[in-house]
Amino acid sequence: MQVIESVQEMQTAAMQLRFGGHLIALVPTMGCLHEGHLSLIRLAREKADKVIVSIFVNPEQFGPSEDFADYPRTWKEDLEACRANGVDFVFHPSAEAMYPEGFSSFVEEKQVSSGLCGVSRPTHFKGVSTVCLKLFNLVRPDFSYFGQKDAQQCAVIKKMVRDFNIPTEVIVGETVREADGLALSSRNRYLSKSQREEALAISSSLFEAKSMVEKGVVNVDRVIAEITHLLSLKRRIRVIYVQVVDDETMEAVKTIQPGRSRVCVAAWIDGIRLIDNCLL
Ligand code: PAF
């Protein structure tokens, strides 16, 4: 496994792989790798013969009052995990390498990114899209992997790829959950035992919504009311949004279309922001 820090070296190495006839997969990450990331790496290995994992805590996707400085960085463990999972290249650029002085171009998707997290994190998806476009240009991956837990991010990236005719296939891996249902997230490590117990209400309320829809409920207000009620029983939880959206456009829907509508939740557990979602 090769570790590359320079953007030029990454671009050259990827170009050589391409000329060598290899199919390239990119798994973009911010490190602090968990089973969710590793499942994407394994999916990538099934389709491509060279897997590149980027590890870059992207400052551009954090708002001024967000947790960029505190975002967990576990470089040694991440490298070990990549090695153990058959990654070929780890791309680990510095912020200066990605955004050299004078950097002034940004990508802004304006529809899919406008609701849900886009409301409370107005610059987040601009940062995500910009860094992903840079990564796509540096690596030119045939396949790019993102996790379903970040449903809106997946939809935004798919839209950008379509809008800009970027020659990569975006593949979305299922959300990986703990045995009790909690969706894996790098931010889970911030949770104390009691916060974690309360956070479980997020996934369990989503599962309850899914079961309501399986029993024939298609009324969005009923589903949202049930989730909001279940979350309101937890003292530490402050809901940011509970919304049912179209899975592709991320626009709010009035009637649930099973297999097409997704319920998305974002909430604060004390000061920790968690998101989760479920296809209904
Ligand atoms: O999902 C993430 O970890 C990040 O948003 C991504 C896609 C790596 C871009 O920085």
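General observations
- Pairs of lysine residues in the chain - Cα separation under 17 Å, sequence separation of 8 or more or cross-chain: 12
- Computed from backbone phi with θ = phi - 60° and the Karplus coefficients 6.51, -1.76 and 1.60, the 3J(HN,Hα) list for the range 173-178 is x, 4, 5, 9, 10, 5 Hz; x is used for glycine and proline.
- 222 nm mean residue ellipticity, helices alone, for the chain (DSSP H n ≥ 4; -39,500 (n - 2.57); rounded to 500): -12000 deg cm²/dmol
- Extension gain for Arg177-Val217 works out to 11.9 nm (0.36 nm per residue, less the C-alpha to C-alpha distance).
- Computed from the Cβ-Cβ distance with R0 of 30 Å, the FRET efficiency linking Asp246 to Arg196 stands at 0.45.
- For Ser54, residues with placed amide H under 5 Å, excluding near neighbours: Val27, Thr29, Phe91
- Only one residue of Leu230, Gly173, Phe56 has its Cα farthest out toward the positive end of the dipole of the chain, where Lys and Arg carry +1 and Asp and Glu -1 on Cβ, and that residue is Leu230.
- Restricting the chymotrypsin sites (Phe, Trp or Tyr not before Pro) of the range 1-103 to loop positions (DSSP other than H, G, I, E, B) with no more than 16 neighbouring Cβ atoms within 10 Å leaves Phe68, Phe103.
- Cα centroid separation - the range 9-56 against the range 219-269, whole Å: 33 Å
- Vicinal HN-Hα couplings computed from phi for the range 15-30 (Karplus, 6.51 cos²θ - 1.76 cosθ + 1.60; Hz; Gly/Pro x): 5, 5, 4, 4, 4, x, x, 7, 8, 10, 10, 10, 10, x, 9, 10
- Note, ³J(HN,Hα) from phi for the range 261-266, Karplus 6.51, -1.76, 1.60, rounded to Hz, x at Gly and Pro: 9, 10, 9, 10, 10, 10
- Zone of Glu9's modelled label, taken as backbone nitrogen in the range 90-113 under 20 Å from a point 7 Å along Cα→Cβ: 90-101
- Cα→Cβ-extended label distance, 7 Å offset, between Met1 and Lys47, nm: 2.1 nm
- Residue among Met15, Met30, Met250 with the largest mean-square fluctuation in a Gaussian network model of the chain, springs linking Cα atoms under 10 Å: Met15
- For the pair Arg189 and Leu233, label points projected 7 Å from Cα toward Cβ lie 3.2 nm apart.
- The label-point distance for Arg18 and Asp70, in a model that sets each label 7 Å from Cα toward Cβ, rounds to 4.1 nm.
Just so you know, all these numbers are worked out from the coordinates, no wet-lab data involved. This structure is a prediction, so every number in the text was calculated from the model and none was measured. Counting neighbours? That spans all protein chains shown, and the Cβs are built from the backbone with ideal geometry, glycine included.
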